[in-house]
Amino acid sequence: MTLKMKAAVYSTYGAPEVLQIKEVAKPSPKDNEILVKIHATAVNSGDCRLRKADPFAVRFFFGLFKPKKSILGEVLSGEVEAVGKNVQLFKVGDLVFGSTMMNFGAYAEYTCLPETGALAIKPDNMSHEEAAALPFGGSTALHFLQKANIQPGQKVLIYGASGAVGAAAVQIAKYFGADVTGVCSTANVDMVKSIGADHVIDYTQTDFAKTGEQYDVVYETVNKAPFSSCVAVLKKDGTLLLGASMLGGMLRGAWTTATSHKKVVSGVALGTTESVHSLQKMAKANKLKAVIGKKYALAQIAEAHTYVDKGHKKGNVVIMMP
């Protein structure tokens, strides 16, 4: 008899309603894999882009006419329920968190992952919901800030400081000793201050490009700030990080890098074993907290996607498993 599990499945690209809760076969771990009973996952902007196939180029990698992978979700926290015969890094009963990377599959009660994947033991001072909220924003922020070779004492501006990536970036930049300015809306000013930002600019009241300040690093996390403004507030030899840019921004960035004393970094950040272990270390030391804006049950996955699609989420949107 095939064992079953609940999962949010989609067979066509489109609106949030394409996600349907169904019973599917429960996976079994291969020799080098662990079976994780998932307690929590999260809905991230990447999940929504894949669901919509937006930009269209998504289809060239994940299925031209319909999705190759029917279960989305790239972050998780849960418990190891079974291990393959060759597994040495984890044992049954271990509480783990991390990223499925490009395998996805975390919108389900169970998933199998290679033991050498982007996984670590869950910090004792975090719930499963909090741990599931760390890997996407945390790994992305860490990737880009390391690309900027962030140093103690540098002035760093983070645009979109209240989102999943931005909130992690504020804390990680502080961890590296930077002087951090966060840019967010009025409703999120207090939250951004509470996670360690030295200065907060409310973009509904003040244009960050007109404050007269210059920064060593500007990290645009949401693809909403004008490119020209970001470059204008950058010091000579400074670095602009485009964490969510599309092709146009990447091309402008390449041109700026080639023709000025300012460097622009773009691209895609994937969770790695190293990044998840770094996040674990920061979290255990109480230097990195998960910011959770909303929680939904798996049965409400379409509702959660509808909320994330609006583009104004605060921190992370967590999905709790049955």
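The values are calculated or read from the model by the stated rules, or taken from the named source; none is laboratory data. Remember, predicted model here, so these are calculated numbers, not experimental data. Every residue, glycine among them, receives a Cβ derived from its backbone with ideal geometry; neighbour counts consider all protein chains shown.
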| All positions within the range 57-100 that are surrounded by fewer than 20 Cβ atoms within 10 Å (Cβ to Cβ), part of a loop (DSSP other than H, G, I, E, B), among the aliphatic types (A, V, I, L, M) and at pLDDT 95 or above | Leu64, Leu89, Val92
| Considering the range 243-278 alone, what residues qualify as being more than 28 Å from Leu119 (Cβ to Cβ) and either in a loop (DSSP other than H, G, I, E, B) or acidic (Asp, Glu) (or both)? | Ser245, Met246, Ser260, His261, Lys262
| query | Looking at the range 159-242, what helices (runs of 4 or more DSSP H) fall wholly within it and have at least 1 residues that are at pLDDT 95 or above and in contact with a Leu (Cβ under 9 Å, 6 or more places away or on another chain)? | reply | 164-175, 227-232
| Verdict on Ala120 being at pLDDT 95 or above and in a strand (DSSP E or B) | yes
| request: Search the range 65-82 for residues being charged (D, E, K, R) and in contact (Cβ under 8 Å) with a residue 12 or more places away in the chain, and hand back the single one that is farthest from Leu134 (Cα to Cα). | output: Lys66
| query | Can you spot a residue in the range 213-232 that is out of contact with any helix residue (DSSP H, G or I) (no Cβ under 8 Å at 6 or more places or on another chain), without any contact (Cβ under 8 Å) to a residue 40 or more places away in the chain and buried (at least 22 other Cβ atoms within 10 Å of the Cβ)? | reply | no
| request: Taking the residues in the range 1-50 that are among the acidic types (Asp, Glu) and part of a strand (DSSP E or B) as candidates, determine which candidate is nearest to Lys85 (Cα to Cα). | output: Glu33
